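The structure under discussion appears below in the form of C-alpha cells.
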Amino acid sequence: MMGMTSQTPKSRRSFSDFLLHLHPSAVPESTLRFTLSWGLGGTAATLIGLLISTGVLLLLVYEPSADRAYSSILTLTQETPFGLWIRNIHHWSANFLIGIILLHIIRVVLTGAFGSGRRLNWVIGLFLLLLALGANFTGYLLPWDQLAYWAVTICTSMLGYVPLFGSWLQDLFRGGAEVGAPTLANFFVLHVAVIPGFLIILLLWHFWLVRRAGGLVQPEDPVQDAASNRVPTIPNLIAREAAVGMVMIAFVMILSIFVNAPLLEQANPGMSPFSAKAPWYFVGFQELLLHLHPVFAVLVWPLLGFALLMWLPFWEDAALPPGIWFGGSARGRKLALWTAGGTVLVTFLVVVGDDLLLRSMSNATSNTFVTRGLIPTLLMIGLLMGFYFLLAEKLKYTRAEAVMAGVILVLVALVVCTIIGFWFRGPEMRLTWPFVQNGA
Ligand code: HEM
C-alpha cells in the first residue's frame, strides 16, 4: 500500500489530514481487533452521516406547517423519485442509532472504557444519547399523521406530571395547551437546527477525546513498550472503519427498499387511536407509568438512573480492568450473564404480578404517592444496594464487577419494560399476546 508521500495528490492528502485530526497518526495494533469495540461507535457515527445527508434531501420537499406537512410527505413518498426510499433510510437510521448507542454504552462498560482518561468522554457520551433521543422524538412529529400526533401528545403530557413546572414545561414544548401548529414549528426548528448543531459539536469533541486518550481503551501492559506495537492509522484503522461503515450503509439502504417507514392517516386531534403509545424508546417509561405514581415514573426514576450513570466514572475503581471484555475474568463474565438472565425473569414477574394482583389493592388506598411512589423507590434503592453488598462483600467480587452487574440490571430491566410495553400491551394498555388481533 502506498504511503502518503509527496507524490500523493493534494486533495487526497488534505482528506488524510482531516482524518488525522480525528484520529492519532498511529494506533496500538491490539486496538484494531474488531471484537474490542464491534465498531459500534463508528457505526453510530455512520448512521448520523446518513441521517444528515438524507435529512437535507427530505427538506427539499417537506413543508413544516400543520396544513401542508402531511400532504408534503405524500408528495415525497408517492410522486418524488426515490422520495420513499430516502424517507425510509432516514427512518431506519434514526431508529437503529438508538439501539446502536445502547450497545455502544454496554461495550464501554464491559471493556472498562469509562475509567481514568475517559471520564469526560463518558459524560459527553451521555449528552449525545440525550441529543439522539431528542432528535428522534422531535422528528417523530414531523409527518403529522395520527401516529405522530398521539405519540407526541402522550409524551408531552408526561411532562405535565413534573411537580411545580409541569404545565409550564408542557406548554413550552407544545407552544400552547394542545399539540398543534406551534408544536410542529417548535419541533421542526429543534429537529433541523438546534439538536443537530449541538450533536455535531459534541460528536467532534467525543472523537477528539478518544484521540487524546491515545485511541481506544487497551489493556495495561507494563511489560511491553506501548509505542513499539503502534501501526499507522492510515490505512490500518481507516480501512477497517470504512468497511464497517459501508456494511451498515448497505444494510440500511437494502432494508429501506423493502420496509417502509410507517405513515397513518393525517393527524386528527379529535380522534384518539385505541391505545396510543409513545415511540418505542420511551415505551419503557410509559410502562413505568402503569406501575408507579407519575412523578416517580416520569421524573424521579429517570433522573436517578441518569445521575447514577453520570456519577459512575467518578467512583474510584468502578471501571473494570481496561481493554478486555469483562476485565478478562471468567467469573465476571458469568456474573454478567446470570445478572442479565435473572433481571429478565424478575422484571417480567414484577410487571405481570403488579398488573394482575397488586395494582387494584394499592390503588384502593388514596395515597398513591406513598404506595406507588415512595415505597417502590425505596425498595428499588434497597434492592440495588443489597445486590451490590451481596456481590462485593459476601461473594468477594471486585467493586468493578459489582458495579458492572448493577448497570446490567438497570439497563436490562429498562429493555424488558420496553419489550413488554411495545409488544405485550394492547387496547387500553392491558397485557395481551403480541400479533393477536384485538378487535373486540
Ligand atoms: C451519538 C452517539 C455516539 C457516537 C456517534 C459515538 C462514537 C464513538 C466512537 C466512534 C468511538 C470510538 C470507538 C468506537 O468505535 O467504539 C467512541 C468511543 C467512546 N464512547 Fe462513544 N459515541 C456515542 C455515544 C456514546 C455514549 C452514549 C457513551 C456513554 C455514555 C459513549 C462513551 C464513549 C467512551 C467512554 C468512548 C471511549 C472508548 C474507548 O476508549 O474504548 N459514547 N464513541
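The values are calculated or read from the model by the stated rules, or taken from the named source; none is laboratory data. The shown structure was predicted, so the numbers you read here are calculated from the model rather than taken from an experiment. Ideal geometry is used to build each Cβ from the backbone, glycine not excepted, and the neighbour counts take in all protein chains shown.
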Exercise. Is there any pair linking a residue in the range 18-38 that is among the hydroxyl-bearing types (Ser, Thr, Tyr) to one that is in a strand (DSSP E or B), with Cβ under 7 Å and at least six apart or on different chains, and which?
Worked result: Ser25/Pro232
Seminar exercise, completed: Of the residues in the range 17-75, those that are within 25 Å of the chain's Cα centre (by Cα), more than 19 Å from Ile100 (Cβ to Cβ) and aromatic (Phe, Trp, Tyr) number 0
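For the range 281-289, does any single residue satisfy the condition of being touching a strand residue (DSSP E or B) at 6+ places or on another chain (Cβ under 9 Å) and not charged (D, E, K, R)? Talk me through it step by step, then tell me what you get.
So the first thing to find is which residues in the range 281-289 are touching a strand residue (DSSP E or B) at 6+ places or on another chain (Cβ under 9 Å), and the list is 283, 286-287.
Restricting the remaining residues to those that are not charged (D, E, K, R) gives 283, 286.
Looking for residues that are touching a strand residue (DSSP E or B) at 6+ places or on another chain (Cβ under 9 Å) and not charged (D, E, K, R), one finds at least one in the range 281-289, hence yes.
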Seminar exercise, completed: How many residues of the range 105-126 are near the ligand (Cβ under 8 Å from one of its atoms) and either without any contact (Cβ under 8 Å) to a residue 60 or more places away in the chain or among the hydrophobic types (A, V, I, L, M, F, W, C) (or both)? The answer is 8
Exercise. Going through the range 171-193 one residue at a time, which ones are at pLDDT 95 or above and either within 16 Å of the ligand (Cβ to nearest atom) or closer than 22 Å to Trp301 by Cβ (or both)?
Worked result: His191
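Counting residues that are within 16 Å of the ligand (Cβ to nearest atom) and under 27 Å from Ala213 (Cβ atoms), which helices (runs of 4 or more DSSP H) fully inside the range 1-99 reach at least 2? First the steps, then the outcome.
Details: elements: 10-22, 34-37, 40-59, 69-78.
Correct list: 10-22, 34-37, 40-59.
Residue by residue, here is whether (1) modelled with pLDDT of 95 or more; (2) under 17 Å from Glu287 (Cβ atoms) holds:
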{"site": "Leu384", "(1), (2)": "yes, no"}
{"site": "Lys394", "(1), (2)": "yes, no"}
{"site": "Arg399", "(1), (2)": "yes, no"}
{"site": "Ala413", "(1), (2)": "yes, yes"}
{"site": "Trp433", "(1), (2)": "no, yes"}
Exercise. Which one of these is surrounded by fewer than 16 Cβ atoms within 10 Å (Cβ to Cβ) and in contact with a helix residue (DSSP H, G or I) (Cβ under 7 Å, 6 or more places away or on another chain): Leu120, Leu129, Leu60?
Worked result: Leu120
Exercise. All but one of (1) free of Cβ contacts under 8 Å to residues at least 40 places away in the same chain; (2) assigned to a helix (DSSP H, G or I); (3) more than 24 Å from Phe424 (Cα to Cα) hold for Thr377; which doesn't?
Worked result: (1)
